[in-house]
Amino acid sequence: MNNFQYYNPVRIVFGEGQIKELANLVPTNARVLITYGGGSAKRSGTLDEVKNALNDGDNSRVVFEFGGIEPNPEFTTLMKAADMVNENDIDFILAVGGGSVIDGSKFVALTAHLKEADGTVSRDQAWAALTSYAQDIDSAIDLGAVLTIPATGSEMNSGGVINYSERQAKLPFGNPLAYPKFSILDPVKTLTLPERQVMNGVADAFVHVMEQYLTYPVDAKVQDAFSESLLKILISEGKAVKANPDDLEVRKNIMWTATMALNGLIGTGVPQDWTTHMIGHELTSLYGIDHARTLTIILPSLMRELKDTKKDKLLQYARHVWHINADDQDDDTVIESAIVCTENFFKELGLPIKFTDADLDDTAIDPIVAQLKAHGMTALGEHQSNDLEVSRRILQRAARS
Ligand code: NZQ
Ligand code: ZN
């Protein structure tokens, strides 16, 4: 196991009816900006529930709202929210939604103080922060979250991903000041999700675990066993939620698993490989494909392309997660079986596993590789050896499979 420091200050408040806890979690004298997405939080009544909880009788919190944060949150929209923060002296941002709203709110929290002389937020400085120095920003507005879709882990991590359509860029950022002070996880809130979003969430969490697990062994027994457990739970609960979407116990397990998948714990002291995500971001920004669906398209081809460097972990994955008996089979056969199991699982959840499933063909490869180059994604993976040629070969496999 490699050396590590583990720090995660996020208070998780989990369970049915826990939105009422906002009354205790948000400072009573705060000027609060509630941020939300395209309207699901309004339609489901969650937004009203949040506002009621904030107005707990002493009326001392001043509450503003900013709606319309898109899936794959748009830089330009977030800058409007950041201006609103300054115009109203906001000192607490409460994100109500999924990864997009929480990520976007983290970015607002980090960039609102980057002001021009006229008091508006400097778009140039915020863009520069996203592309280079977000990790060095040393002040941010406090943030809390009410999670409505289990998927990204944003509710318990310090990162985010921002989309800037005009620049065809979807870029990650991270800063310890972006950890939410708390996140409320009420599984009942996930019952209104369309099936597509539920499955996207299961797949996103699955790939998060894989990117922290499928590298090479460093004898990290805790991280490996936790990862394998999370994968097995996602497989069983993913199938269960498809069969019984109203089963609250299943929803609870999916919600907590998705949080655990990317709160830093399983990634401590182990090599990581975020190649699938980095290629996936380019598919979203160029072709508008849902985040999770880009991942299920890329991962199987990545596993095949990198089966030699990832051989030991792929064999472990086959044995421990899919229970493939390796006794009288050669390694390649075992690994291929595990990849096919992974593909079948994704297919069972209605997710794409190759270009044609998402109406893409091989003409997409050159633009994706060009964007990877433009965004400096030229040395990815646990050995930084996934250069543009490796990414191209992964894409070619996804295009011809
Ligand atoms: O916008 P609204 O109307 O709220 O609708 C949303 C949106 O259309 C809807 N939704 C959310 N909760 C709902 C609901 N509909 C009905 N009932 C509910 N309870 O679901 C749609 C998708 O929402 P979104 O927030 O985009 O989904 P998700 O949580 O999957 O977030 C995806 C974003 O997170 C980034 C992705 O790149 C993408 O931009 N990621 C963030 C990460 C992080 N911070 O650590 C890591 C991930 O790898 C990921 O990259
Ligand atoms: Zn993801």
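Read-outs throughout are calculated quantities, based only on the coordinates presented, and are distinct from any laboratory measurement. Being a predicted model, the structure only gives us computed values, none of them experimental. Backbone-built Cβ (ideal geometry, glycine too); neighbour counts: all protein chains shown.
Filtering segment 92-122 to residues that are away from ligand 1 (no atom under 16 Å from the Cβ), touching a helix residue (DSSP H, G or I) at 6+ places or on another chain (Cβ under 9 Å) and in contact (Cβ under 8 Å) with a residue 40 or more places away in the chain leaves only Val121. Among the residues of segment 194-201, is there at least one that is part of a loop (DSSP other than H, G, I, E, B), farther than 22 Å from Trp274 by Cβ and away from ligand 2 (no atom under 16 Å from the Cβ)? Yes - at least one qualifying residue is present in segment 194-201.
Residues in segment 202-224 that are more than 16 Å from ligand 2 (Cβ to nearest atom) and either out of contact with any helix residue (DSSP H, G or I) (no Cβ under 8 Å at 6 or more places or on another chain) or part of a helix (DSSP H, G or I) (or both): Val218, Asp219, Ala220, Lys221, Val222, Gln223, Asp224. The residue that is surrounded by the most Cβ atoms within 10 Å (Cβ to Cβ), counting only those in segment 352-385 that are under 15 Å from Thr294 (Cβ atoms) and acidic (Asp, Glu), is Asp357. Scanning segment 82-103 for residues being over 20 Å from Ala53 (Cα atoms) and over 21 Å from the mean Cα position of the chain (by Cα) gives a total of 8. Within segment 61-103, restricting attention to residues that are surrounded by fewer than 19 Cβ atoms within 10 Å (Cβ to Cβ) and in a loop (DSSP other than H, G, I, E, B), the residue that is farthest from ligand 2 (Cβ to nearest atom) is Asp89.
Within segment 118-153, restricting attention to residues that are of a type in the set (A, V, I, L, M) and assigned to a loop (DSSP other than H, G, I, E, B), the residue that is surrounded by the fewest Cβ atoms within 10 Å (Cβ to Cβ) is Ile137.
The one condition from (1) in contact with a strand residue (DSSP E or B) (Cβ under 9 Å, 6 or more places away or on another chain); (2) surrounded by fewer than 14 Cβ atoms within 10 Å (Cβ to Cβ) that Arg31 does not meet is (2).
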